[in-house]
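Here's the structure we're looking at; comments come further down.
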Amino acid sequence: MTAKMTAAGRRIAGSGRIPVENPALGEVFAEAPAATPDELGAVVEAAAAAWPGWRACAEEERRRRLLDCGAALGAHVAEIAELLTREQGKPLHEATAEVRLACDWFRHTAALTLRPERPVDDAGAEVVVERVPHGVVAAIAPSNFPIILSVAKIAPALLAGNAVVLKPSPVCPLSTLRMGEVIGPRLPDGVLHVVSGGADVGAALTGHPDVRMISFTGSVDSGRRIAHSAAADFKHVVLELGGNDACILLPDADIAAVAKRLVGRSLVNAGQFCAAIKRVYVSRRQRDELAEALAAAAGALTVGDGLAPGTDLGPVVSRDQRDRVSALVTQARQAGGRVVTGGAPLDRPGYFYAPTVLTDLPAGTRLEADEQFGPVIPVFAYADVSEAVARANATPFGLGGSVWGDEATACEVAARLDCGTTWINTHGELRHDVPFGGRRSSGLGVEYGHWGLLEYTRPRVRHVARRHGGGR
Ligand code: NAD
């Protein structure tokens, strides 16, 4: 199959090509277009030309269009979910839930509103602060949740009155391209474009002078390159980057009660979730009990092709990703780590890695310091909770973290974690009505809800003097 891009209200084939693999088979099954620099330039110009008309629409009209987009996507859930599983690997029930969530996201976003504020209204002046759109927004999405993370960008960007050029990951662009075909006709021509291509297309897009905001989700390295490029003409950026979330179990944790939940919050999407639990800290006394309980829960998962019924865990998204996970586990083992379960790629076609639990790791292994983005749970023992907090904070990441145990104590410990979100007795729960964003290398700005919507606007001030002469 050959997918098409949605550009200026038309479906276009594009001149370049990217092969798309099914990670469960390790085989190319389709091609996607790759935009050339000329094609990309024409798309951004079309977005810039469409923007004034879109921003001049009443907010009610934009809201109605978002609801139309959600309904249109809702009519294609099964088709797009299957495509998502084929190109990304996640189990079909998770892909279906992702596309449904994206439909809901259009509805939730349509319920938001941008009210002007009036901080001064007295005999001397009336000052009104309006929220106005940036213009053309470049929305760049990663490979782990392509549909929902794209919709979480385009819905608020459009509601705020921006035109959007969306670029999905080259690893799994097909479901997003298809979504563009489905929702594009529900919007005025030129307001939403979906173009595919690799990092070069992303760099050309973010570097284009007509783009005024970049909303990016992806790795720290790509985010850093984008921030550099945006600095040249001071584009507004929101960067949702990698995470290395720690989970701290307070001493005397109820291991039997939490082990299965920790595995669920860690191995979701084969560990490819920015806010998955990526490191577990437990008291020395409970380390072995926890490692065994996690291994039992992880070992009970059915690993397989996401399209097969009963699959809990699919492959990781690409050969590169599998090799990266494999290298990190091998290095941890060589440093003295003990593999309790898993610890190797599965001997079958595709990019499967066995659900893995490791422990006895010395402090400072790469598996502790780096984001692994695979189905691996490293368990670290601490002497006291202060050591756990110090180690949780000792990486450049600051996305999320969790503390499990007595609620009051857990809240006190969580307050010492240096990250955007702390969870108590849960982990990685993201909501449409709660802001989400990282600190330090995990990013800049927030997405979701009212706070996320504001990022797609800038304040514009209107100051009306009421006294002759405009004051002093
Ligand atoms: P990636 O950085 O490799 O690619 C993401 C996107 O950026 C792709 O579309 C890619 O083509 C594009 N890109 C790469 N270099 C670019 C450049 N110089 N200019 C413009 N675009 C460029 O990331 P990935 O492997 O697809 O995604 C996994 C990463 O995303 C992980 O680190 C994960 O933690 C992170 N992530 C973060 C969040 C969050 O909300 N904080 C959510 C999901 C994923």
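The values are calculated or read from the model by the stated rules, or taken from the named source; none is laboratory data. Here the structure is a predicted model, which means the values were calculated and not measured. With ideal geometry, Cβ positions are generated from the backbone for all residues, glycine too; neighbour counts draw on all protein chains shown. Please note that ligands, DNA and RNA were not included when accessible areas were found on the heavy atoms of the full protein model with its side chains. Shrake-Rupley method; radii C 1.70, N 1.55, O 1.52, S 1.80 Å.
Does the range 82-98 contain at least one residue that is open to solvent by less than 60 Å² (accessible area, probe 1.4 Å) and farther than 30 Å from residue 373 by Cα? No, there is no match, as no residue in the range 82-98 is open to solvent by less than 60 Å² (accessible area, probe 1.4 Å) and farther than 30 Å from residue 373 by Cα.
Residue-by-condition table, conditions (1) open to solvent by 10 Å² or more (accessible area, probe 1.4 Å); (2) at pLDDT 95 or above; (3) more than 19 Å from residue 226 (Cβ to Cβ); (4) within 14 Å of the ligand (Cβ to nearest atom):
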{"site": "158", "(1), (2), (3), (4)": "no, yes, yes, no"}
{"site": "172", "(1), (2), (3), (4)": "no, yes, yes, yes"}
{"site": "175", "(1), (2), (3), (4)": "no, yes, yes, yes"}
{"site": "181", "(1), (2), (3), (4)": "yes, yes, yes, no"}
{"site": "186", "(1), (2), (3), (4)": "yes, yes, yes, no"}
{"site": "191", "(1), (2), (3), (4)": "no, yes, yes, no"}
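The single condition from (1) over 26 Å from residue 102 (Cα atoms); (2) in a loop (DSSP other than H, G, I, E, B); (3) among the basic types (Lys, Arg) that residue 431 fails is (1). Scanning the range 103-141 for residues that are farther than 30 Å from residue 466 by Cα and either hydrophobic (A, V, I, L, M, F, W, C) or at pLDDT below 95 (or both) gives 103, 105, 106, 110, 111, 112, 136, 137, 138, 139, 140, 141.
Among the residues of the range 247-270, which ones are open to solvent by 30 Å² or more (accessible area, probe 1.4 Å) and closer than 24 Å to residue 442 by Cα?
Those that are open to solvent by 30 Å² or more (accessible area, probe 1.4 Å) and closer than 24 Å to residue 442 by Cα: 264, 265, 268.
Figure legend. Inter-residue proximity from the range 353-374: first residues aromatic (Phe, Trp, Tyr), second residues open to solvent by 30 Å² or more (accessible area, probe 1.4 Å), beta-carbon distance below 6 Å, spacing 6+ or different chains. Indicated pairs: 353/322; 353/345.
Residue count for the range 1-25 under the criterion of being open to solvent by 30 Å² or more (accessible area, probe 1.4 Å) and at pLDDT 95 or above: the result is 3. Please tell me if residue 428 is in contact with a Lys or Arg (Cβ under 6 Å, 6 or more places away or on another chain) and open to solvent by 40 Å² or more (accessible area, probe 1.4 Å). Judged against the criteria, residue 428 is not a match. If you go through the range 194-216 and pick out every residue that is more than 15 Å from residue 37 (Cα to Cα) and either open to solvent by less than 20 Å² (accessible area, probe 1.4 Å) or part of a loop (DSSP other than H, G, I, E, B) (or both), you end up with 4. With respect to (1) within 16 Å of the ligand (Cβ to nearest atom); (2) open to solvent by less than 10 Å² (accessible area, probe 1.4 Å); (3) in contact with a strand residue (DSSP E or B) (Cβ under 9 Å, 6 or more places away or on another chain); (4) of a type outside the set (A, V, I, L, M, F, W, C), the lone exception for residue 135 is condition (1). Among all positions in the range 231-248, there is no residue which is in a helix (DSSP H, G or I), in contact with a helix residue (DSSP H, G or I) (Cβ under 8 Å, 6 or more places away or on another chain), under 27 Å from residue 420 (Cα atoms) and not hydrophobic (A, V, I, L, M, F, W, C).
Residue 63 passes every criterion in (1) modelled with pLDDT of 95 or more; (2) open to solvent by 50 Å² or more (accessible area, probe 1.4 Å); (3) basic (Lys, Arg) apart from (2). Among the candidates 42, 97, 48, the residue that is free of Cβ contacts under 8 Å to residues at least 24 places away in the same chain and either closer than 30 Å to residue 353 by Cβ or assigned to a helix (DSSP H, G or I) (or both) is uniquely 97. Looking at the structure I just gave you, is residue 317 in a loop (DSSP other than H, G, I, E, B) and among the β-branched types (Val, Ile, Thr)? Here the answer is yes, as residue 317 does meet what is asked. Let me spell it out: the conditions are (1) more than 16 Å from the ligand (Cβ to nearest atom); (2) part of a loop (DSSP other than H, G, I, E, B); (3) open to solvent by less than 10 Å² (accessible area, probe 1.4 Å), and residue 72 meets all of them except one. Which number is the exception? Failing condition for residue 72: (2).
Residue 310 satisfies every condition listed in (1) open to solvent by 10 Å² or more (accessible area, probe 1.4 Å); (2) part of a helix (DSSP H, G or I); (3) out of contact with any Gly (no Cβ under 7 Å at 6 or more places or on another chain) except (2). Scanning the range 245-265 finds one or more residues that are modelled with pLDDT of 95 or more and within 10 Å of the ligand (Cβ to nearest atom).
Kindly provide the set of residues from the range 208-243 that are more than 8 Å from the ligand (Cβ to nearest atom), in contact (Cβ under 8 Å) with a residue 12 or more places away in the chain and over 18 Å from the mean Cα position of the chain (by Cα), ordered by number. Matches in the range 208-243: 208, 209, 210, 211, 212, 230, 232, 233, 235, 236. For the range 373-427, the set of residues classified as over 19 Å from residue 361 (Cβ atoms), among the small types (Gly, Ala, Ser) and either outside any loop (DSSP other than H, G, I, E, B) or more than 16 Å from the ligand (Cβ to nearest atom) (or both) consists of 386, 400, 402, 405, 408, 410, 414, 415, listed by residue number.
Checking the stated criteria, residue 464 turns out not to satisfy the condition of being away from the ligand (no atom under 16 Å from the Cβ) and buried (at least 21 other Cβ atoms within 10 Å of the Cβ).
Regarding residue 273, is this residue under 30 Å from residue 163 (Cα atoms), modelled with pLDDT of 95 or more, more than 16 Å from the ligand (Cβ to nearest atom) and open to solvent by 10 Å² or more (accessible area, probe 1.4 Å)? When the stated conditions are applied, residue 273 does not pass them.
Please tell me if residue 44 is among the β-branched types (Val, Ile, Thr), at pLDDT 95 or above and farther than 16 Å from residue 178 by Cα.
Yes: the conditions hold for residue 44.
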